[in-house]
Amino acid sequence: MKKIINDPNQVVLDMVKGIAAAYPDSLKHLPDTMVLARKQPAGTEKVGLVSGGGSGHEPAHAGYIGEGMLDAAVSGEVFTSPTPDQVFEAIKAVDNGAGVFLVVKNYTGDVLNFEMAAELAEAEGIKVDHVVVNDDVAVEDSSFTSGRRGIAGTVFVHKIAGAKAEAGGSLEEVKSVAEKTVANVRSMGMALSSGTVPAAGKPGFQLADDEMEIGIGIHGEPGIERKAIASADEIAEELTNQVLADIDFAAGEEVAVMINGLGATPEMELYILNGKVQELLAEKNIRVYKTFVGEYMTSLEMAGCSVTLLKLDGELKELLDAPSQAPAFKM
Amino acid sequence: MKKIINDPNQVVLDMVKGIAAAYPDSLKHLPDTMVLARKQPAGTEKVGLVSGGGSGHEPAHAGYIGEGMLDAAVSGEVFTSPTPDQVFEAIKAVDNGAGVFLVVKNYTGDVLNFEMAAELAEAEGIKVDHVVVNDDVAVEDSSFTSGRRGIAGTVFVHKIAGAKAEAGGSLEEVKSVAEKTVANVRSMGMALSSGTVPAAGKPGFQLADDEMEIGIGIHGEPGIERKAIASADEIAEELTNQVLADIDFAAGEEVAVMINGLGATPEMELYILNGKVQELLAEKNIRVYKTFVGEYMTSLEMAGCSVTLLKLDGELKELLDAPSQAPAFKM
Amino acid sequence: MELQPQEIKQWLLQANQLFQENKDYLTSLDQAIGDGDHGINMARGFQEVKNKIEPAEYTNVSDVLKDTAMTLMSKVGGASGPLFGTAFLKLSTSLKGVDNADFQHFADGISAAAEGLKQRGKAEQGEKTMIDVWLPMAEFLQSQSEFSGEEIESKAKSAMEATKDMSAKKGRAAYLGDRSVGHLDPGSVSSYYLFSTLAEIIKKGV
Amino acid sequence: MELQPQEIKQWLLQANQLFQENKDYLTSLDQAIGDGDHGINMARGFQEVKNKIEPAEYTNVSDVLKDTAMTLMSKVGGASGPLFGTAFLKLSTSLKGVDNADFQHFADGISAAAEGLKQRGKAEQGEKTMIDVWLPMAEFLQSQSEFSGEEIESKAKSAMEATKDMSAKKGRAAYLGDRSVGHLDPGSVSSYYLFSTLAEIIKKGV
Ligand SMILES: Nc1ncnc2c1ncn2[C@@H]1O[C@H](COP(=O)(O)OP(=O)(O)O)[C@@H](O)[C@H]1O
Ligand SMILES: Nc1ncnc2c1ncn2[C@@H]1O[C@H](COP(=O)(O)OP(=O)(O)O)[C@@H](O)[C@H]1O
Ligand SMILES: [Mg+2]
Ligand SMILES: [Mg+2]
Ligand SMILES: [Mg+2]
Ligand SMILES: [Mg+2]
């Protein structure tokens, strides 16, 4: 394992401190927690927006804190959901009376810990609601199992719910746009290599030199198929088609596209992939309203990418376009 | 070599097309070239700002095209300076009568090709001037040799010269702030592993599992020292001290900090490094005005990072803070 | 026999030792069908449990178990943190009011824990989760009238081993569906460790 | 003897073959003390030269060389593109007005090319660049009165080999300073390939 770290068991705290040190004017690190929160002007009365999850997905989630997006982010251990007490601290820190909305990715751990935090907060009289993001079409959407995972599409939920909260939307209104976003966002990823959890010290899985894995999760959870590495065009086709197969598109409908790098894949490759994705959408008469290419939801230094499509209507477009000061999603 | 590409010999063209496809409203791909340029409103009369270099440093340079930053970027083959005719096309495309300013990194190839392009443009009556960025303190600053390399500090030159041009500065004024930036910016990098040029098919160099290289260049050019991998704190100390040793600081002076990832290093590690860099600067009574953490000037999928400090005065601060719509440097 | 606060403490301290020793093994189980952090999570959590309960003096079993529950809840995270936290919290609540745990009280506590796990995890038996150890164990204890170290050990072991042939329906392994067959469920192995150290304590106490 | 347009063309086409065959070797030389693209650059550039000049009909040597120069200039990039481009442009300009190149004309052209390289590269002899092949070659030719394939080959080879012991002052290898000693300069090896194929053409033509 080669990493720029100090103690493998201290990476999250060191990181949280390093993030706070980077943005002292806009961020504060809540003492004795792994919570980063926005420094808000006194008298703010907006709905508080909290997200978080295991670490190792940077810039998710702390990079999305800022005017127009999140109010706080909770960092768990690497690839491990944060604990309820930590989430509870975040909720308390951002509650201004209008209630707090939680954006949760659909993993058992995240759901359990955030739910318990919400219970703790409600017991103290704080209004809390949440949405569970499950955009990963690599996994079957079943009510008999854990269901689909939440991956890069979560960033669109942050953006849109954040814009609504910033605009003064009520807790119910924020929830309603967040649910609309979840209903309309789909993603799928692939990997060429695994990341290494610092405390584990070795890669989460092994792929041969000529292999790739389609449908991989952002924690290295196995995908749909392991097979010979294909060209960028073929990968674009496979991911895009799987995403499109999962959601109905009428010709002429508009989408936002996110081409997300999983950590070690150079931007060059993401743009090469994007070229083909755009071509495929154009062929299918799906109009691209806006494209985001970069690292939005990573998996440590995994090499690979994901493709996310978000079907837009007028309301979602407006919220997607709203200003954001979050360092990782400035608009 | 595992990459998301089609033909290893077509990566630059595929990438340029993919970038153009991502930002169709703001960017255009000049036909039959590797030049991307800003779509400007008719009647624009600002100084045109052109940068470029070998590919493989994404988001440099095309990611910096946008209002408030570059007008065009020229992409050479991977790690290979673009040719004069390509740079010339960019110059012609962005010239609106106020002249064109070139930001060149100090590599023999870049300097030669951009100089020749300037000669071609001048022969056609276009006013052209340029600055050569040489921020890498890993290399001795000598007039008897090629001198220092240009690395991540170049992004600050884009930002500041871009803001000046956007504000209506003349070619001379743009040059003057660019030169001031170059005089005040210093960087140094390190690597844990090498990137692979697609057409070469194998890594540029090999580091053992317990080795790192200090002072590496962004094309894999060897550094100052190859030694046992150190902790993030030690790396922060080594890079920061080398940078500080090269430029005089009076206590209380202000800097902009850039912690730049070279490609495969997760943002988590960059923030861990940042924590220590900020601590070191605070100890030395150097005030940090603004911090940028992310991938700004990469070297394909090299694992590693660089630390850049830019000494600021009132003028540079104002220009650094000016709005920018460039996808990779929104402010 | 009755389990005294000191024995409950010993149980958890020995379990901690097992989690430290088997950290890499548990992590490798989780790498196969999950995200590869289970051993790290349990080792971290039980180290904190040790730090919390070792120096403390307890006069009743409920308090040791409550401290354990709260520590797991706030130090583990992931799926296993709230789940093991819930299990120990239910066990603690169930034993409130007595100093020592007699067999029936303890058996009822394990039943409450298993029920709590089902609710928290929204999972049923047979879905390849830790529930597949806790529920059979609860049922087995309800069929007994006295602590038996040997039988608890063997029951826990066979329940744990039975997860190997299951196809996961809950937790991360569910993403693999039938490809999870052939792998032990990491959380069930951890649960087995808990019951096997309990069995040792019982054997010593008898 | 005189070099005719057809021979110049043959020279460059054979050089292209050599660059294709030695692409990996040149790249590995550049990986050691540069950025590992020199072989790729030369192979790409000379492939384009071939595409340009092979189908064309030339009535004078200057035009073949000019097409070569312009192609290298616009297809290679990096340091070697403008440098080899400049060398061939100077050679072409120097041979303007004659159909075939006699020895003295050609020798003067190589001198002009070497001078052009020095100016373009702002470099001197002994700094471990391609100039260390071109300049000795120019001086050698000025001391002769007729083409000699053997001597051109051996002169180019020894000049190329001499770069091994030099410490780089210009180009990317200069970042290494004295650590560049012990490695051949890639651009000098490419320059040697040019002169060694020229030598073969001369040998055949004699
Ligand atoms: N819904 C659930 N109900 C009960 N137990 C579960 C559930 N989901 C997961 N588990 C248990 O949690 C274990 C995984 O724990 P751990 O790896 O620590 O957390 P995570 O899955 O969040 O990484 C699984 O092996 C399984 O036994
Ligand atoms: N200033 C210079 N003058 C002359 N030749 C130079 C100079 N700098 C570099 N070279 C030559 O260029 C060669 C490197 O070419 P290449 O690898 O294609 O370009 P780059 O260095 O831009 O990657 C060196 O081996 C050297 O011979
Ligand atoms: Mg986990
Ligand atoms: Mg090069
Ligand atoms: Mg796990
Ligand atoms: Mg080179």
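Bear in mind that the values in this text are calculations on the coordinates, not laboratory data. Quick caveat, the model's predicted, so the values are computed rather than measured. Virtual Cβ from ideal backbone geometry, glycine too; neighbours counted across all protein chains shown.
When a/c is below 1.5 the answer is rounded, else prolate if a/b is larger than b/c, else oblate, so apply that to region B:134-224 with a ≥ b ≥ c taken from the square roots of the Cα gyration tensor eigenvalues. Taking the square roots of the gyration eigenvalues as a ≥ b ≥ c, region B:134-224 is prolate. Under conditions of 25 °C and 0.890 mPa s, the protein assembly as shown yields 79 µm² s⁻¹ as its translational diffusion coefficient, taking Rh as the Kirkwood radius over Cα pairs in the Stokes-Einstein equation.
Taking 11 Å as the cut-off, no amide N atom of region B:34-48 comes nearer than this to a point 7 Å along the Cα-to-beta-carbon line of B:Glu172. Based on a Kirkwood Rh over C-alpha pairs, give the Stokes-Einstein translational diffusion coefficient of chain A at 37 °C and viscosity 0.692 mPa s in µm²/s. The Stokes-Einstein estimate is 166 µm²/s. Residues whose amide H falls under 5 Å from that of B:Thr196, counting only those 5 or more places apart or on a different chain, are B:Glu301, with hydrogens built in the peptide plane. For chain C, relative contact order (Cα pairs under 8 Å, six or more residues apart, normalised by length) works out to 22 percent.
Between C:Phe140, C:Gln6, C:Ala168, the Cα set farthest toward the positive side of the dipole of chain C (charges on each charged residue's Cβ, about the Cα centre) is that of C:Ala168.
When you filter the trypsin sites (Lys or Arg not before Pro) in region A:36-70 for DSSP loop state and at most 12 other Cβ atoms inside 10 Å of their Cβ, you are left with A:Lys39.
Distance between the modelled labels on B:Ser231 and C:Lys203, one decimal in nanometres: 4.2 nm (7 Å Cα→Cβ projection). Taking the longest Cα principal axis of chain D as reference, the axis of helix D:131-142 is set at about 40 degrees. The mean of 1/r over all distinct Cα pairs in region A:11-183, once inverted, gives the Kirkwood hydrodynamic radius of 15.6 Å. The mean number of partner chain beta-carbon atoms within 10 angstrom of a residue's beta-carbon across peptide C:70-78 is 6.
Rounded to whole numbers, the Karplus 3J(HN,Hα) couplings from phi for region D:171-185 are x, 4, 5, 4, 4, 8, x, 5, 6, 7, 4, x, 10, 5, 7 Hz, using 6.51 cos²θ - 1.76 cosθ + 1.60 with θ = phi - 60°, and x at Gly and Pro. Checking every one of the GluC sites (Glu not before Pro) in region A:31-108 against DSSP loop status and a limit of 13 other Cβ atoms within 10 Å picks out A:Glu45. When exposed loop sites are taken as GluC sites (Glu not before Pro) in a DSSP loop with at most 14 other Cβ atoms within 10 Å, the longest stretch of chain D clear of them is D:58-123.
Neighbours of B:Val35, meaning other residues whose beta-carbon lies under 15 angstrom from its beta-carbon, give a summed charge of -1 when Lys and Arg score +1 and Asp and Glu score -1.
Between the Cα long axis of helix D:5-21 and the first principal axis of chain D there is an angle of about 30°, rounded to the nearest 10. Treating the angle as unsigned and between 0 and 90°, give the value, to the nearest 10°, between the Cα long axis of helix D:186-205 and the longest Cα principal axis of chain D. With both axes taken from Cα atoms, the answer is about 30 degrees. Pairs of Cα atoms nearer than 8 Å and 6+ residues apart set the relative contact order; for chain A it is 18 percent. Legend: translational diffusion of region B:226-293 by Stokes-Einstein, Rh = Kirkwood radius over C-alpha pairs, 4 °C, 1.567 mPa s; D = 102 µm²/s. Size descriptor for region B:1-75, Kirkwood hydrodynamic radius: 12.9 Å (Cα pairs only, one decimal). Remark: C-alpha extents of region D:41-178 on the principal axes read 48, 35, 24 Å, sorted largest to smallest.
The mean number of partner chain beta-carbon atoms within 10 angstrom of a residue's beta-carbon across peptide A:272-280 is 6. Rounded to the nearest 20 debye, the dipole magnitude of region A:192-331 is 340 debye, with +1 charges on Lys and Arg beta carbons, -1 on Asp and Glu beta carbons, and the Cα centre as origin.
Remark: relative contact order (region B:185-313) = 35 percent; criterion is Cα-Cα distance under 8 angstrom and separation of 6 or more residues.
Rounded to the nearest 20, the Cβ-based charge dipole of region D:1-63 about its Cα centre (Lys and Arg +1, Asp and Glu -1) stands at 80 debye. When averaged across all projection directions, what area in nm² does the alpha-carbon convex hull of region B:185-313 cover? If you wrap the Cα atoms of region B:185-313 in a convex hull and average its projections, you get 7.5 nm².
For chain B, excluding the exposed loop sites themselves (chymotrypsin sites (Phe, Trp or Tyr not before Pro), DSSP loop, at most 16 other Cβ atoms within 10 Å), the longest remaining stretch covers B:1-143. Centroid-to-centroid, using Cα positions, region C:1-50 and region B:172-250 are 43 Å apart.
Calculate the dipole size of chain A relative to its Cα centre from +1 charges on Lys and Arg beta carbons and -1 charges on Asp and Glu beta carbons; express the result in debye to the nearest 20. Mind showing how you got there, number by number?
On the way: 27 positive and 50 negative charges, 121 e Å.
For chain A, the charge dipole is close to 580 debye.
Note on the protein assembly as shown: dipole from Cβ charges, positive end direction compared against B:Ser143, A:Gly76, B:Ala20; the farthest Cα belongs to B:Ala20.
Put +1 on the Cβ of every Lys and Arg and -1 on every Asp and Glu Cβ in the protein assembly as shown; which of C:Gly77, B:Leu320, D:Ser62 then has its Cα farthest towards the positive end of the dipole? Comparing the listed Cα positions along the dipole, B:Leu320 ranks first. The trypsin sites (Lys or Arg not before Pro) of region C:52-128 that DSSP puts in a loop, and whose beta carbon has at most 15 other beta carbons within 10 Å, are C:Lys96, C:Lys122. Rg/Rh, computed from the Cα trace of region B:36-94 with Rh as the Kirkwood radius, has the value 0.98.
Per-residue shielding of C:167-177, expressed as the average number of other chain Cβ atoms within 10 Å of the residue Cβ, stands at 6.
With R₀ set to 35 Å, the beta-carbon distance separating C:Ser143 from C:Asp99 gives a calculated FRET efficiency near 0.85.
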